[in-house]
1. Compute the angle between helix 96-116 and the longest alpha-carbon principal axis of the chain, please, reported from 0 to 90 degrees and rounded to the nearest 10.
2. Given the options S66, S34, S52, state which has the largest fluctuation in a GNM of the chain using a 10 Å cut-off (strictly under) for Cα springs.
3. List every residue whose amide H lies under 5 Å from the amide H of F122, counting only residues 5 or more places away in sequence or on a different chain, with H placed 1.01 Å from N in the peptide plane.
4. Only Cα pairs under 8 Å and at least 6 apart count here; give the relative contact order of the range 9-150 as a rounded whole percent.
5. Which residues make up the longest stretch of the chain that has no chymotrypsin sites (Phe, Trp or Tyr not before Pro) in a DSSP loop with at most 10 other Cβ atoms within 10 Å?
6. Projecting each Cα onto the charge dipole of the chain (Lys/Arg +1, Asp/Glu -1 at the beta carbon, about the Cα centre), which of P53, A9, V74 comes out farthest on the positive side?
7. DSSP loop trypsin sites (Lys or Arg not before Pro) in the range 46-151 with at most 14 other Cβ atoms within 10 Å of their Cβ, which ones?
8. Which whole-Hz couplings ³J(HN,Hα) result when phi for each residue of the range 20-28 is put into the Karplus expression 6.51 cos²θ - 1.76 cosθ + 1.60, θ = phi - 60°, listed in order with x for Gly and Pro?
Amino acid sequence: MVAAMKTSASRLDLLDQTVTAYMARYGITLLRMSVGVVFLWFGFLKFFPGLSPAEGLATKTLEVLSFGMVRPRVALIILAAWECAVGLGLILAIFLRTTLLLLWLQMAGTIAPMLLFPEEVFSHFPYAPTLEGQYIIKNLVLASAGVVVGATVRGGRLRS
């Protein structure tokens, strides 16, 4: 009985080592590509009026940040192209430093509505976000993923 338990524990340990090694080997790549898909997808939607759930708040924010100098539709096209560029850069792993800079600048822009329009971002400030607020808050994960991916641009990686 004890020998069987040791054998089972040994098999589980071997399985755990194998799975951990797989995650260490491919985790950053999967993270980079999945964040790229999110940026590409959400950016692409912004090219088509009415498809992006963030369209209204994004155009309103960009109008305020540009002091009204950029028309909402033009601002949305610029944002769409920007997000698509970030997505493609991450998916294809090209120009990663520039791509990550664009990602973090875009993330800073997505936080702006929390300061500019708190009444649209929170139903009860500061603890109950609206759907738009939840959309913004989830960007913390994308920004953190950018930090992890950024740690690899000079050869950093996970060890198994």
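Read-outs: derived from the displayed coordinates by stated rules, not from any lab. Please read all numbers here as calculations on a predicted model, not as lab measurements. Glycine also receives a Cβ, built like all others from the backbone with ideal geometry; neighbour counts cover every protein chain displayed.
1. The angle comes out near 60 degrees.
2. Of S66, S34, S52, the Gaussian network model singles out S66 as fluctuating most.
3. Amide H neighbours of F122: T130.
4. Relative contact order, the range 9-150: 26 percent.
5. Working: sites that count: F67, Y127.
Counting only loop sites that pass the neighbour cut-off, the longest clear stretch is 1-66.
6. So the residue we want is A9.
7. K138
8. Those phi angles translate into 4, 5, 4, 5, 5, 6, 10, x, 5 Hz.
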